[in-house]
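Enquirer: Mind looking over this structure? Questions follow.
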Amino acid sequence: MPRKGTLSNIQYFDKGKFWTVDTCFYSIIKQDQFDPFYIFCYLKNLDLSGFDTGASIPSMTQKTYNSIKVFLPSLPVQQKIASILSAYDSLIENNTKRIKLLEQMAENLYKEWFVRFRFPGHENVKMENGMPKGWGVKRMAEFCNVTDGTHDTPKPVDDGVPLITGKCISNGFVDFDEAYCISFEDHESIKRRSGLSTGDILFSNIGTVGKCCIVDYDREFSVKNVIIFKPNDILKTAYLYYWMMSDSMQNVFSTQTNGASQQFVGLTFMRRYKILVPEKNVLFAFGERINPIIEQKRYLHKINQILIRQRDLLLPRLMSGKLEVKP
């Protein structure tokens, strides 16, 4: 449990050994009376900011934790509630593992074809100038259209269109929970300048540089502080995305940052950067192999979003006793 810093960062460990530093507390639960996972979920459901005792850094004391009153039904009911919530977490965790496995499959295929040059039919292709014959090198602006999001800072509104920035890109997807909304008028203005389409790639170029995601434009949103890569064919998207996510390119991005106070990769740099361009048949064959993997990742991510919303809706009702649970 947090002692200083982010007070919502409560963790649950039920396997193996662990140790704590002086910025957190730990608890030992009397399991003959209380279900540990139930207690964890109850604390996660609380807004601990109301218990903050820090002056400049959010802080909790042992005395404050001990003073928190917990709704405690019978142990069998606690265990039933814990079982319900744990089932959601298990499904989410399994889907997350599947997404990581799919991502690893795609990354390995990229390396096999475009790093080791063992693509289908490579045995019959000669090497010229360190690359397969028929392949070439182009500047990024020749390979696809490269633009960026708005440079303005639209005012937040309660009901509007999400404004996505680099911090909203997480694990290859857009996290809309990290975004704030802007007016429909501001969105339309941004859309005229840098409208998005399915298959575009968003690249975080300010702050945490190098985070990428493929756009699935199934809802309206605008972008700021990102570079947008717009391939003219969806089959090019897969190659470009895994090129950008490759270890070699991530290293390039980290060493080319030129921001004074924060990391920054400029639009001009990305437009001028030279990229290996395979023959069209190899490029499209890779896209046909990878796109089903991308679609499966996208499907599992959407399922996880639904599970998370359902769990988060259930959590306060179960913890308050408003939703009756029988052991």
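Readers should treat all values here as calculations from the given coordinates under stated rules, not as data from a laboratory. Note that the structure is a prediction, hence the values are computed from the model and not measured. Positions of Cβ are generated from backbone atoms using ideal geometry, with glycine treated the same way; all protein chains shown enter the neighbour counts.
Enquirer: Using 1/(1 + (r/R0)^6) with R0 = 41 angstrom and r between the beta carbons of S67 and S183, what's the FRET efficiency to the nearest 0.05?
Expert: Calculated transfer efficiency: 0.40.
Enquirer: On the Cα set of the chain, report Rg and Dmax in Å, please.
Expert: 24.3, 74
Enquirer: Based on Cβ point charges of +1 for Lys and Arg and -1 for Asp and Glu, what charge dipole magnitude is obtained for the stretch 1-72 about its Cα centre, in debye rounded to the nearest 20?
Expert: Result for the stretch 1-72 is approximately 120 debye, rounded to the nearest 20.
Enquirer: Just going by the charge dipole of the chain, with Lys and Arg at +1 and Asp and Glu at -1 on Cβ, which of F143, V115, S320 is farthest out on the positive end?
Expert: The residue sitting farthest along the positive end of the dipole is V115.
Enquirer: Right, next: Give me the orientation-averaged projected area of the Cα convex hull of the stretch 1-72, in nm², one decimal.
Expert: 5.1
Enquirer: Another question, if that's okay. Calculate the length of the line joining the C-alpha centroid of the stretch 284-313 to that of the stretch 127-143, in whole Å.
Expert: Each part reduced to its Cα centre gives a spacing of 32 Å.
Enquirer: Roughly how big is the chain's charge dipole about its Cα centre, with Cβ charges of +1 (Lys, Arg) and -1 (Asp, Glu), in debye to the nearest 20?
Expert: So the magnitude is around 580 debye.
Enquirer: OK, next. May I ask you to order 164-177, 297-310, 60-73 by the average number of other C-beta atoms within 10 Å around their residues, highest value first?
Expert: 164-177, 297-310, 60-73
Enquirer: Restricting to DSSP H runs of at least four residues, report the calculated mean residue ellipticity at 222 nm for the chain, -39500 (n - 2.57) per run over all residues, nearest 500 deg cm²/dmol.
Expert: Helix-only estimate at 222 nm: -14000 deg cm²/dmol.
Enquirer: Roughly what % of DSSP beta bridges within the stretch 136-277 run antiparallel, to the nearest 5?
Expert: The antiparallel proportion sits near 90 percent.
Enquirer: Please state the relative contact order of the stretch 136-277 as a whole percent: Cα pairs under 8 Å, 6+ residues apart?
Expert: 33
Enquirer: Among M245, M127, what is the fewest-to-most ranking by other Cβ atoms within 10 Å?
Expert: M127, M245
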